[in-house]
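What follows is a single structure, written as structure tokens, with notes after it.
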Amino acid sequence: MSEYFCAKCKHFTGMNKTPFHCDKCGICRTHKEESFHCDVCNVCLDTGLLGNHKCRENSGHDECCICLEDAFSGCQILPCSHKIHKECAIELVKNGIRTCPVCRTPLFTQLVENNH
């Protein structure tokens, strides 16, 4: 019927996104090889953030800084460590906003062209 089934979440899916159940988060996640669970933040993060993010206790359950709903699932972490839903981030950029709505830290680093 399905390649992957989680009895805890009652979740059926294919294996193309390498799903796994994180007991610490209590939900199924995708891309197991690209994820790790931060015990301080209490959320699974991309391995690119391993040792390279600002830990705050239980920050995995911060509110999305746009819609103010729990950003636990489907959140993006801004360079300043504030959380935002992926869909909210897309709308933010589409509307020309290039800084964090909470602290005004730039969302992107500027590429500097060298004319020498």
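What follows draws every value from the coordinates through simple rules; no lab data is involved. As the structure is a prediction and not an experimental result, all values here were calculated from the model. No Cβ is skipped: glycine too gets one built from the backbone with ideal geometry, and neighbour counts run over all protein chains shown.
Key figures
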quantity: Estimated D of the chain in µm² per second, where Rh is the Kirkwood radius over Cα pairs and Stokes-Einstein applies at 20 °C, 1.002 mPa s; calculated: 135
quantity: Highest average packing first - 96-107, 60-71, Cβ atoms within 10 Å; calculated: 60-71, 96-107
quantity: Stokes-Einstein translational diffusion, segment 19-67 - Kirkwood Rh over all Cα pairs, 1.002 mPa s, 20 °C, in µm²/s; calculated: 188
quantity: By average C-beta atoms within 10 angstrom, highest first, the peptides 25-35, 72-82, 6-16; calculated: 72-82, 25-35, 6-16
quantity: Charge dipole (debye, nearest 20) of segment 1-61; +1 at Cβ of Lys and Arg, -1 at Cβ of Asp and Glu; calculated: 160
